[in-house]
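The block underneath contains the structure these notes are about, expressed in structure tokens.
The values are calculated or read from the model by the stated rules, or taken from the named source; none is laboratory data. Keep in mind that this is a model prediction, so the values were computed, not measured. We place every Cβ from the backbone using ideal geometry, glycine too, and count neighbours over all the protein chains shown. Ligands, DNA and RNA are excluded from the accessible area calculation, which covers all protein heavy atoms including side chains. Shrake-Rupley method; radii C 1.70, N 1.55, O 1.52, S 1.80 Å.
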Amino acid sequence: MLFYDFILKVLIIINGLGAASGLVVDKHHVYTISDDDAHLYIYNKKKKEVEKVDLNPEVKSITKKDKPDFEAITKYEDHLYILGSGSKENRFDLISYNIKTKKVENNNYSFLFDEFLNTSKLSKKDFNIEGILTDGHCTYFFNRGNGPAGVNGIYRVGGKISDLKDKPIDFFSIKLPKLNNETTTFSDAILVDGKVLFTATVESKSTTQFNGEIKGSILGELDLNTMEVVRWQKISDYKKIEGLALYKESRKNYTLYLCEDNDDDSKKASIYIYKYQKEI
């Protein structure tokens, strides 16, 4: 089921950041991560300035093959949680950033990813976490289906994001819409008023470790009770939308920010804004 048409509008351009892969926004700041960088970018909307926070301060330099591949970010209480994709052995970090104290803590969650594989029966080549969210009771991890088996799915862990050790895990295979006759794959997700809004993309010849030709992006809504897509809309035929965040809401609309992975070396990240109409 499609919902109303909208136009992407560029709101902010962040210099120094290229492949934006996720974001969180509040009244004064935009918090952004990249899949080829080990920093958190904090954009001050009033000052129009960018602060970089080193998420791996003990590592002086990172080559492309050793990048932590930060693909997911979410906010819970006073912390931002930033997650590696898990697509390689060095991508199992769950980093927390305290917004008030600015303290960075790095935790290795390889134990959790091993349990994910056992639960879902997916191979390592099919494992690629692109989104994370929490409702305070359970934490949800969104797997992008760009591996050989093509499985989009959601891992649900029965615990708070700060305490996931020895918690029950369930896996749900998710049927996502097709765009240009190809199945879309998860790129991010957020929780809004008990519903999941997600982005998904199509890339030809894409793998969990390498990008392919961009063939478009969608935004959709998913019911966490039924684990089914309720409605969706094509966003673009040529942009790879990698992240979304709620900025504010009115009686009729949610105002969302979107970011894209431009897959080039420009080091300029565009942040888009649009209004998503609530169902009446």
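General remarks:
- Eigenvalues of the alpha-carbon gyration tensor of segment 96-135, scaled by 5 and square-rooted, set the equivalent ellipsoid semi-axes at 27, 11, 9 angstrom, largest first.
- For the chain, the equivalent ellipsoid derived from the alpha-carbon gyration tensor has semi-axes of 24, 23, 20 Å in decreasing order.
- Within the same chain, lysines fewer than 8 places from Lys100 are excluded, and of the rest, those with a Cα less than 22 Å from its Cα are Lys27, Lys45, Lys46, Lys47, Lys48, Lys52, Lys75, Lys160, Lys248.
- Only helices enter this figure: runs of n ≥ 4 DSSP H residues, each worth -39500 (n - 2.57), summed and divided by the residues of the chain, yield -1000 deg cm²/dmol at 222 nm to the nearest 500.
- Förster radius 30 Å - calculated FRET efficiency between Leu11 and Asp193, Cβ distance, rounded to 0.05: 0.85
- For segment 109-235, the Stokes-Einstein estimate of translational diffusion at 10 °C and a viscosity of 1.306 mPa s comes to 108 µm²/s, using the Kirkwood hydrodynamic radius over alpha-carbon pairs.
- Rolling a 1.4 Å probe over the heavy atoms of the protein chains gives the chain an accessible area of 47 Å² per residue.
- Subtracting the Cα-Cα distance of Phe111 and Met227 from their residue separation scaled by 0.36 nm leaves 39.2 nm.
- Residue-wise HN-Hα coupling along segment 15-24, computed from phi with Karplus coefficients 6.51, -1.76, 1.60 (Hz; x: Gly, Pro): 6, x, 10, x, 7, 5, 10, x, 7, 10
- A simple spin-label model places pseudo-atoms 7 Å from Cα toward Cβ; at Asn56 and Asn253 they are separated by 4.0 nm.
- Taking the accessible area of the chain, probe 1.4 Å, and keeping the other protein chains in place, the carbon and sulfur fraction comes to 47%.
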